[in-house]
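The values are calculated or read from the model by the stated rules, or taken from the named source; none is laboratory data. What you see is a predicted model, and the numbers here were worked out from it, not measured in a lab. Note: ideal-geometry Cβ built from the backbone for every residue, glycine included; neighbour counts use all protein chains shown. In case anyone asks, the SASA skips ligands and DNA or RNA and just uses the protein heavy atoms, side chains included. Shrake-Rupley method; radii C 1.70, N 1.55, O 1.52, S 1.80 Å.
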Amino acid sequence: MQQKKAFRFGVVLRRIREYLAADSLADAAMFELAERGHRTLFEQLVACVISIRTRDEVSLPVALELFRRAPTAEAISRLSVAKIESVIHASSFHETKAATIRDIARRTVSEFAGKLPCDVDVLTSFKGVGPKCANLALGVACGESRISVDVHVHRVTNRWGIVSTRSPEQTMRALEELLPKRYWIEINRLLVPFGKHVCTGRLPKCSTCPVLEYCRQVGVTSHR
Ligand code: SF4
């Protein structure tokens, strides 16, 4: 194994940013959704619920279709759970998610006049919404500095050797200690596509990885 350099977030994240841009690799779904005009907190939260345990290639068009049919919290609140379920059918756990989405829509209308407040306690009070989705939605829609850790962020940062954690929640807390705040929103945006296309679950592409010299490759027994 080659000699490793001291880990530097600035250099590592810049290299990943440039690598993803050069290869036109898909943006993380929530950010792409925002760029397509769906940037309200309600939309971001609903889209994140749809994306749970579902690949971006599936969850992004599903979210777009739901917002095309019912573009506001009020419009979604008027749909039946069965109707929402039929629209988001390609997403995993669609039955549970449909009930969650209608509950979010109804409470957004009845308690917040159709506009969710940028308040983590409100978002996590919805059944089915955990810190990952709350933080991501608050980061994208409200510009709050929050770290959203999904399986990709969790896997990549553990392989780098900068955290040693057993769950995304533990990784989120560890990164809050380590990561400069200016990268808190961007780390999700970078590491989701990086984890999908380069630092993959099986056989990561270490031989062509732009950050190989900074990565301890913890737990990597074979790679491409
Ligand atoms: S060197 Fe390998 S394990 Fe490390 S970030 Fe790159 S692909 Fe992942």
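Quick look at the numbers
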read-out	value
Separation between Cα centres of the range 13-75 and the range 188-224, rounded to whole Å	23
Portion, in percent, of the accessible area of the range 29-142 that falls on carbon or sulfur, probe 1.4 Å	53
Solvent-accessible area per residue, Å², over the chain with all protein chains present [probe radius 1.4 Å]	49
Long pairs among K127/K181; K97/K196; K5/K196; K127/K196; K5/K127, criterion Cα-Cα beyond 32 Å	K5/K127
Relative contact order (%) - criterion: Cα under 8 Å, at least six apart; region: the range 29-142	34
Cα gyration tensor of the range 29-142 - equivalent ellipsoid semi-axes, whole Å, descending	18, 16, 13
CD proxy at 222 nm, helix term only [per DSSP H run n ≥ 4: -39500 (n - 2.57); per residue of the chain; nearest 500]	-17000 deg cm²/dmol
Whole-Å semi-axes of the ellipsoid equivalent to the chain (Cα gyration tensor, √5λ, descending)	34, 17, 15
Those Cys residues of the chain for which no other cysteine Cβ falls under 4.7 Å	C199, C206, C209, C215
The chain: relative contact order as a whole-number percent, Cα under 8 Å and 6+ apart	25
Most mobile listed residue (R146, R14, R189) in the chain, GNM with C-alpha springs under 10 Å	R14
Ordering of 67-75, 39-47, 96-104 by burial proxy (mean other Cβ atoms within 10 Å per residue, highest first)	39-47, 96-104, 67-75
